[in-house]
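The structure appears right after this line, and notes come after that.
The values are calculated or read from the model by the stated rules, or taken from the named source; none is laboratory data. Quick caveat, the model's predicted, so the values are computed rather than measured. Virtual Cβ from ideal backbone geometry, glycine too; neighbours counted across all protein chains shown. For the accessible areas, the whole protein counts, side chains as well, though only heavy atoms, and no ligand, DNA or RNA atoms are used. Shrake-Rupley method; radii C 1.70, N 1.55, O 1.52, S 1.80 Å.
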Amino acid sequence: MDELTRHFREAVAGSPPSRIDLDGLITADRQRRRHRAWTLAGTGVAAAVAAVAVPTLGAVPGPGGMALPPMSSGSGDASLCPAPIPLPSGPEPSVQPYDTVRARPTEPWQVGVPRLTAALRAALASTVPTNLRVTGTVPECDRPQFAYQPPYRQYETIATLSRDGWHSHLKVALYPTPAQAQADCADAPDGRNCEVRGLGDDGVVMLSTSTDPAGGTLRWVQLRRVDGTSVTVTVGNLLYGDRGPVDRAAREALLTSQELIELARAPGLTLYP
């Protein structure tokens, strides 16, 4: 049993029955971390959140790190803060091979990070209600931005949503759609509470809502774009832990499933610009 599993089991010990299959969730997350067919609806994010407490200036990613271009001197929407490089917690993962529904993107990550960051910030500005504050998790940086994970060939970001002193976490990840991916709820944190919707030219979206033993809510949306990009958006505190006082973690997810869908289908959030 690894450290992450131990924390999960301690968190749910003695709690009322949950709608979430804990063993299935842990098993699925291990498989996703090994094979890269995961969508980050699982528990690995807690380590990434904790790791950004040590910022590293620079742009060269390690085998298991996240990478950002050097800090931009501009003031536009794509300006970036210093790059966080998570500390390794085990053997360095190799690049995870998997076939994709179309040829892999050729855009260098040094170009993709600022482009997607600008698209993300624009999407958040048009989607998130004005009474919610969105902040990044990179120290000394108050704006969300993408980082690139070389082993998994994906872009991801974690942000904090705040309202009236309560907060929740927002996770956005983009990666090339695996060839074996299906438009179903196999990756949902709670497959028993999941729906599949067709979005016409935008592709197919899966949406799920989960509840933890303490009553906290996690909302998850996964979009399979017709261009071969997969976008996963998750909001809540259930699987990410809490970076602030525990009693200030919002029980609700702060964003609705429809708002997550609109964020995922933002035109700029694609790997094939």
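Descriptive notes on the structure:
- Potential lengthening between N193 and V226 on full extension [0.36 nm per residue; Cα-Cα distance subtracted]: 9.4 nm
- Fully extending the segment from T106 to T130, taken as 0.36 nm per residue of separation minus the present Cα-Cα distance, adds 5.0 nm.
- Take segment 153-266 with all the other protein chains still there, run a 1.4 Å probe, and you get 35 Å² of accessible area per residue.
- Counting charges near V235 (Lys, Arg +1; Asp, Glu -1) among other residues having Cβ under 10 Å from its Cβ returns a value of 0.
- Hz values of 3J(HN,Hα) by residue in segment 188-200 - Karplus curve (6.51, -1.76, 1.60), Gly and Pro given as x: 5, x, 9, x, 6, 10, 9, 10, 10, 10, x, 10, x
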